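The values are calculated or read from the model by the stated rules, or taken from the named source; none is laboratory data. Note that this is a predicted model, so its numbers are computed, not measured. For neighbour counting, all protein chains shown are included, and Cβ atoms are generated from backbone atoms with ideal geometry for every residue, glycine included. All accessible areas refer to the heavy atoms of the entire protein, side chains included, with ligands and DNA or RNA removed. Shrake-Rupley method; radii C 1.70, N 1.55, O 1.52, S 1.80 Å.
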Amino acid sequence: MTTSAPPDLHIEVRGLRRSYGTGTTAFEAVRGVDLVVEPGTVVALLGTNGAGKTSALEVVEGLAPPTAGEVRVLGLDPVADRAEVRRRTGVLLQTSGFPADLTVGETLRMWSATMTAPRPVEDALAELDLTDRVDVSVRSLSGGELRRLDLACTLLGEPEVVLLDEPTTGLDPESRRRVWDLVARLRDRGCSVLLTTHHLEEAETLADRVAIMHAGRIVREGTPAQLGADHPSTIRFEGAAPAGLPDLAGLTAVRRVAADHGRTTIESDDLQATLTALLAAAADGGVRLAGLEARSATLESVFLAIASGAHTDDRALEGADR
Amino acid sequence: MTTLSLSRTAGLARANATLVVRNKLTLTYAVVIPLAPLLLLLLGDSGDGSNGAGAAAIVTALMMAALFPVFYNLLSQLVTRRDELVLKRLRTGESTDAEIIASLALPGLVIALATALVAVPFAMLLGQPAPLNPLLYALTVVVTLLLFAAFALWTAAWTKNAEAAQITSMPVILLAVLGQVAIGFPDEVRRFTDLTPGAAMTDLVRVSWFGFGTDDVERTLDFAGTWSAAGQPLLVLVAWAAVAIYLARRSMRWEPRS
């Protein structure tokens, strides 16, 4: 086990690669990921299905060795220093199970018996709102209750680092909100959280920083606001540009003008300036713009642009903001 | 990962024991089947050594203890828990791989050891002799149980699901019972069947408890003689255990194939 001063970074991933299979069937799921999580922050790894989020997270969890690159959790190697890392880390898998014939209480007591310094089972039950389900067998739990039991086990050892793989997938909106509140409380306690998700709202709500994965690489990273700022805002109206308007591409701060599905879309680097110029031109020309809407760039627009393939070109990937 | 924390292993084993007790069918297989052959002692030779029925009853009880609470119970638990992703979940906690496996095997091992232990006073009560070489008897029991636990781990690696375990368990069951079945076979065949773990275990129990030489049904060995008579079958049993442990370590799978 490595001994050193407390690390500045709770999670540090450098040049991570992970491949499956060999020879002609080999598939590289993670293709050189760099990522850091600072103490007391929440980082969301966002991506479409198959982007490589879980494959990357499993290496951070110590469940699989990297094919190449280096991973440190709390300054330690999660495989070589497994005992120390596991004692200070809580892991929630994307899908996992518990023996169906045990009760909720028995499951937590079993989990508690394997830990160096667990908190009282009753506290974990109360935090996850499972106190009145303590004597219910696991097979009788709903999907949301099962996920909460899973979370209770994850947090039983009061971990410093929490790794959550799609923590709210399959949950109803109320359960999802509860999990979000819980993650916020973890951050308030000083925990570092790395979570994967494909829910944009989840990443925007919870994360201090968001890393967007696509095809095994991180193609954008930053705060939700920074990611939006890098991306153009949009102005849309119905129909083609009416006669009486000047050339839309010549308006202030316009990046691109497109016409599709019977609508005109203007991408702008300065929403207020472009919108002001457009409305002034429309007023001057006596033109009414039907269905006019203007939106700042959101994580959604960034994500959709990436998911639709705008970043599949390797040159674009290499030039992308890591 | 080879370290073993007793408290962690005991904590997991307690939960696994609860699961065995809670499932009536598993409990029946694990407890009744190993103990039932001992009832044959009530109908046996009452210790007069006329037909070796007492030895056969005890050998059968020990073989059933190795096959059901240890081999089959561990095999079905490993396959089921792996399919349900319980094993993968356990590996995310502080428990080491060795602790997870030991905790799954422990309830069955305890039942099998208890069977081997209970067999002694029960048999003596019904007129059978005390084990002639208790140390050799204990060694036989321990190596046999470890061997069949390792067989369970190896078989689980290529068993798709709990239903498939009914078929994939057959080769090991055959290796276990062939030694007893083949007692009446010609010597040319016996030379090969004697190399099975079941035959080696049978010979070792007959030697260590009853002092029977090969094919004898009456005591022909003294204490020192049991050690020399045990040489070949003990070597066979240990060799099988080494192979089984090697195969188990190489093939262990913690989650279903994707």
Counting only DSSP beta bridges fully inside the range A:145-242, the antiparallel percentage to nearest 5 is 50
Taking GluC sites (Glu not before Pro) as exposed when in a DSSP loop with at most 14 other Cβ atoms inside 10 Å, chain B has its longest clean stretch at B:1-162
Report the extension gain between A:Glu300 and A:Asp172 in nm, rounded to one decimal, defined as 0.36 nm multiplied by the number of residues separating them, less their alpha carbon distance. 44.0 nm
The range B:1-110 - percent relative contact order, Cα under 8 Å, separation 6 or more: 44
May I ask for the Rg/Rh ratio of chain A, computed from Cα atoms with Rh as the Kirkwood radius, given to two decimals? 1.08
With a 1.4 Å probe and every protein chain left in place, tell me how much accessible area A:Cys191 has, in Å² to the nearest 10. 10
Rounded to the nearest 500, what is chain B's calculated 222 nm mean residue ellipticity when only DSSP H runs of at least 4 contribute -39500 (n - 2.57) each, over all residues? -20500 deg cm²/dmol
Label model pair B:Leu40, B:Met124: point-to-point distance (7 angstrom along the Cα→beta-carbon line) in nm is 2.3
So the pair-distance distribution of the protein assembly as shown, from every Cα-Cα distance in 20 Å bins, comes to percents of 18, 37, 26, 13, 5, 1, 0
Could you work out the mean count of beta carbons from other protein chains within 10 Å of each residue's beta carbon in A:136-142? 0
Site B:Ile167, offset 7 angstrom along Cα→Cβ, radius 16 Å on amide nitrogen, limited to the range B:61-91, gives none
Which three numbers, in whole Å and largest first, are the semi-axes of the equivalent ellipsoid of chain B derived from its Cα gyration tensor as √(5λ)? 33, 19, 16
Just name one of B:Val236, A:Thr197, B:Ala98: the one whose Cα is farthest towards the positive end of the charge dipole of the protein assembly as shown (beta-carbon charges, Lys/Arg +1, Asp/Glu -1). B:Val236
Quick one: compute the contact order of the range A:1-140, relative version, from alpha carbon pairs under 8 angstrom and 6+ residues apart, as a percent. 22
Note down the nm distance, to one decimal, between modelled labels 7 Å out along Cα→Cβ at B:Val142 and at B:Val32. 3.3
Let me know the whole percent of all Cα-Cα pairs from the range B:106-238 that are separated by more than 23 Å. 39
What ranking do A:208-217, B:22-31, B:225-234 get when scored by the average of other Cβ atoms within 10 Å per residue, highest first? A:208-217, B:225-234, B:22-31
Using Cα-only point scatterers and the Debye equation, what is log10 of I(q)/I(0) for the range A:1-65 at each q in 0.23, 0.24 Å⁻¹, rounded to two decimals? -1.09, -1.16
Note down the relative contact order for the range B:113-258 as a percent, whole number, built from C-alpha pairs under 8 angstrom at least six residues apart. 32
So what are the radius of gyration and Dmax for the Cα set of the range A:90-151, in Å? 10.8, 30
If one compares the long axis through the Cα atoms of helix A:271-285 with the longest principal axis of the Cα atoms of chain A, the angle in degrees, nearest 10, works out at 30
Using a 10 Å cut-off around each Cβ of peptide A:86-94, what is the average number of partner chain Cβ atoms that fall inside? 3
Find out how many positive minus negative residues lie around A:Leu278, taking Lys and Arg as positive, Asp and Glu as negative, among other residues whose Cβ is under 13 Å from that of A:Leu278. -3
Take the Cβ-Cβ distance between A:Ala273 and A:Ala307 as r, set R0 to 35 Å, and report the resulting FRET efficiency rounded to the nearest 0.05. 0.75
Are there trypsin sites (Lys or Arg not before Pro) in the range B:163-258 that DSSP marks as loop and that have at most 10 other Cβ atoms within 10 Å, and which are they? B:Arg257
